[in-house]
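Reviewing the structure listed below.
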Amino acid sequence: MSGPGTPAIAVYLTPHGNGHAVRMCDIVRALRRQHPHLRIVLVARHPADFLRSRLGDVTVEIRADAFDTGMVQLDSVRSDPEASLAAALDLLATWPARVRSEAEWIERERISAVVCDIPAIPLEAARRVGRPALAAGNFSWNWIYEHAAQRDPRWRPVAAAFRRAYGLADLLIRLPFHEPMDAFPVRQDVGLVASPGRPCRPKLAAATGAALDSTWVLLSFSSLAWSPEALSRAAASPGIEWFTVRPLEWNVPQFHAVDRTRFPFADVLASCDVVLTKTGFGIVSECIVNQKPMVYVHRAEWPESALLVEGIRRFARGVELPADRLYAGDLTPAVAAALRAPPPADALPTDGAERAADLIAAAVQ
């Protein structure tokens with residue numbers, strides 16, 4: 001039971017996509033298993049049911065808030081540069097006030113340490129009131145925005161603000177597939193953060209009507225802007241049943257939308273034969289730990305994507321799908337190639353969540 005003297009950790013998530021939340025939920029679960037005396041407050045804008053589905057039976061407090069704007073997405077593959085810049089400049093204008101108010105919250109809630117994946121404002125707020133400030137991630141926003149500034153100099157003050165605040169962190173827990181992350185003065189590398197799912201193919205078949213002897217492909221996207229023609233082409237793929245996890249859903253034959261509160265995402269992934277996705281840390285990591293072949297779309301304009309493609313080539317079974325083929329719904333050849341892909345050449349340690357949890361707990365001590 002937590003009480004007035006219970007050490008408390010505030011864990012801050014970027015609202016950019018689900019991958020950051022997935023890996024931090026794995027770290028929070030490890031933290032709760034290994035250090036059950038700690039109180040954990042998860043600060044995130046993700047839907048509570050999504051967070052609960054990833055946390056399982058782990059009890060945490062959830063506060064709905066966000067402290068960075070990431071990149072505004074048109075869908076899971078494509079971003080909107082102008083909308084992203086406008087949101088980031090708005091954040092920059094409120095930065096000092098948000099640092100002050102968050103420092104007050106940290107003191108008022110008696111937070112012992114903060115961990116960010118990978119907002120910067122809470123790190124600055126924690127240091128203002130003398131609390132340990134930790135970050136976890138495989139890329140930093142200053143690195144993303146510095147890339148953007150090469151094309152559009154309006155990004156420069158945003159990148160500089162993130163770099164300066166990251167420099168205040170006591171420790172970066174650096175995950176695989178990382179850029180140098182040289183804004184952080186102290187860095188500690190850990191292994192892969194991902195949890196294997198539990199295959200439940202017969203139950204999924206009974207719930208969805210999917211044929212057990214078909215090839216099951218999980219479309220791992222939060223959103224995908226398909227035309228009716230692309231959807232029809234994909235649906236006509238012979239011998240393939242397509243799975244999505246809501247809210248992504250199409251009411252056409254051969255497509256099955258699964259409720260994550262009934263079937264956890266990791267279990268759906270473990271039950272499918274192939275995963276078709278964009279390059280993202282969370283899904284690449286889950287494919288590796290579940291030994292699932294993947295068809296991936298490389299996002300050339302997104303700097304992290306090149307790091308993940310390198311990781312896929314070393315540690316996973318993967319086949320690249322050009323973005324124009326994805327948006328045309330022309331998927332069958334890539335799925336067949338993924339099923340024939342050879343096993344990976346190298347392996348990664350998979351104890352990243354446990355190592356990260358111990359580093360966080362040590363900061364509280």
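Here, each number is a calculation from the coordinates, and none is a lab measurement. All of these numbers come straight from a predicted model, not from anything done at the bench. Note: ideal-geometry Cβ built from the backbone for every residue, glycine included; neighbour counts use all protein chains shown.
Points worth noting:
- ³J(HN,Hα), Karplus 6.51/-1.76/1.60, whole Hz, each residue of region 302-315, x for Gly, Pro: 9, x, 5, 4, 4, 5, 6, 4, 4, x, 4, 5, 8, 10
- Compactness index (Cα Rg / 2.2 N^0.38 Å), region 215-257: 1.04
- With neighbours defined as other Cβ atoms within 10 Å of a residue's Cβ, the residues I288, I283, I144, I62 order from fewest to most as I62, I144, I288, I283.
- Dipole of region 201-340 [Lys/Arg +1, Asp/Glu -1 at C-beta], most positive-end residue of W226, W216, H256: W216
- Compared with the rule-of-thumb size 2.2 N^0.38 Å for a compact globular protein, region 5-139 has a Cα radius of gyration ratio of 1.05.
- Stretching the chain fully between A300 and Q188 yields a gain of 37.5 nm (0.36 nm per residue, less the alpha carbon separation).
- For region 81-159, dividing the convex hull volume of the Cα atoms by the residue count gives 88 Å³ per residue.
- Full-stretch length increase - E82, R63 - with 0.36 nm per residue and alpha-carbon distance subtracted: 4.0 nm
- Residue-wise HN-Hα couplings along region 122-131, as the Karplus relation 6.51 cos²θ - 1.76 cosθ + 1.60 with θ = phi - 60° gives them from phi, are x, 5, 5, 5, 4, 5, 4, 10, x, 9 Hz; Gly and Pro carry x.
- Share of Cα-Cα pairs in the chain lying beyond 25 Å, as whole percent: 54 percent
- Pairs of alpha carbons in region 19-99 separated by more than 18 Å make up 54% of all such pairs.
- For region 201-340, the relative contact order is 25 percent, taking Cα pairs closer than 8 Å that sit 6 or more residues apart in sequence and dividing their mean separation by the residue count.
- For A135, nonlocal amide neighbours, meaning residues 5 or more places apart or on other chains whose placed amide H falls under 5 Å from its own, are C116, L171, L172, I173.
- Treating each Cα of region 201-340 as one equal point scatterer and applying the Debye formula with no solvent, the log10 of I(q)/I(0) at q = 0.12, 0.19, 0.21 Å⁻¹ comes out as -0.43, -1.15, -1.41.
- Put a plus charge on the Cβ of each Lys and Arg, a minus charge on the Cβ of each Asp and Glu, and nothing anywhere else: the dipole of the chain about its Cα centre is then about 560 debye.
- Most fluctuating residue given options L31, L171, L92, as computed from a GNM of the chain linking Cα atoms under 10 Å: L92
- Ascending count of other beta-carbon atoms within 10 Å, so fewest first, for I27, I312: I312, I27
- Fewest neighbouring Cβ atoms within 10 Å first, the residues W216, W95 line up as W95, W216.
- Considering only region 43-183, percent of DSSP beta bridges that pair antiparallel, nearest 5: 10 percent
- Rounded to the nearest 10 degrees, the inclination of helix 81-108 to the longest alpha-carbon principal axis of the chain is 50 degrees.
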